[in-house]
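The values are calculated or read from the model by the stated rules, or taken from the named source; none is laboratory data. These figures come from a predicted structure and were not determined experimentally. Don't worry about glycine lacking a Cβ; one is built from the backbone with ideal geometry, like all the others, and counts go over all protein chains shown. Only protein heavy atoms, including side chains, enter the accessible area calculation; ligands, DNA and RNA are left aside. Shrake-Rupley method; radii C 1.70, N 1.55, O 1.52, S 1.80 Å.
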Amino acid sequence: MNIEYTGRHYEVTAADRKEIESGLNKIKKILRGNFESKVVLAVEKHRHKAEITISSRVGPLVALSQAKDMRAAIGNALEHLEKQALKNKTRIIARKRRNHKERDAEVAMPAPVLQNAAAAASATAVSMVVHKFPAFAKSTDVHLVRSDDAVALRPMTLEEAIKEAHFRDRDVFVFRDPKGKLMILHRTRDGKMELIEAP
């Protein structure tokens, strides 16, 4: 197990190294294999940060923790890494079990039985019902929200209205031009502004 230590505005002590190595030994037992790890210990504005990265055969595991003292930050980071390692181990075990069950089910059925089942399935017609679902779900409840933020109170030019719509972060903006004609700005899905003139 190779461990690379880096200290940023912090000197890595022997006690820190011992704590990190004992925590990584626990993770080594969980992952059942050697790995390389990089440890970065840093101090920024009274915050102690510990970042531990493990490169193992199941993929990279990263933990970042910050606390008021370095020992707590290291402990939190190691705890987070241990949880990640356990999660990866259980996922791999579950995947292996699932693959074994599928393979055992295929082996349990003799080949003639499989051939007879395939022949019987092709000889008999099976009726099948296919459901079509609407592309858009119909909503029975109408949700109305009144907003004065999307309406301009004074007449404005098109350029002013575009700036105001961007400033207010609105997809629909209603305003009157200087002549008093009602105009609607609409932002399309691709981000372009569309002008709609009311008759």
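Numbers below:
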quantity	calculated
Candidate set: the range 155-199, residues that are part of a loop (DSSP other than H, G, I, E, B) and modelled with pLDDT of 85 or more; chosen: the one least open to solvent (accessible area, probe 1.4 Å)	Met156
Subset of the range 7-58 (residues that are part of a strand (DSSP E or B), open to solvent by 20 Å² or more (accessible area, probe 1.4 Å) and more than 12 Å from Leu78 (Cα to Cα))	Gly7, Arg8, Glu36, Lys38, Val40, Val43, Glu44, Arg47, His48, Lys49, Ser55, Ser56
Qualifying residues in the range 147-162 (those that are within 36 Å of the chain's Cα centre (by Cα) and of a type in the set (D, E, K, R)) - the one nearest to Phe173 (Cα to Cα)	Asp149
Criterion violated by Ala150 - all others in (1) in contact with a strand residue (DSSP E or B) (Cβ under 7 Å, 6 or more places away or on another chain); (2) open to solvent by less than 70 Å² (accessible area, probe 1.4 Å); (3) at pLDDT 80 or above; (4) not β-branched (Val, Ile, Thr) satisfied	(3)
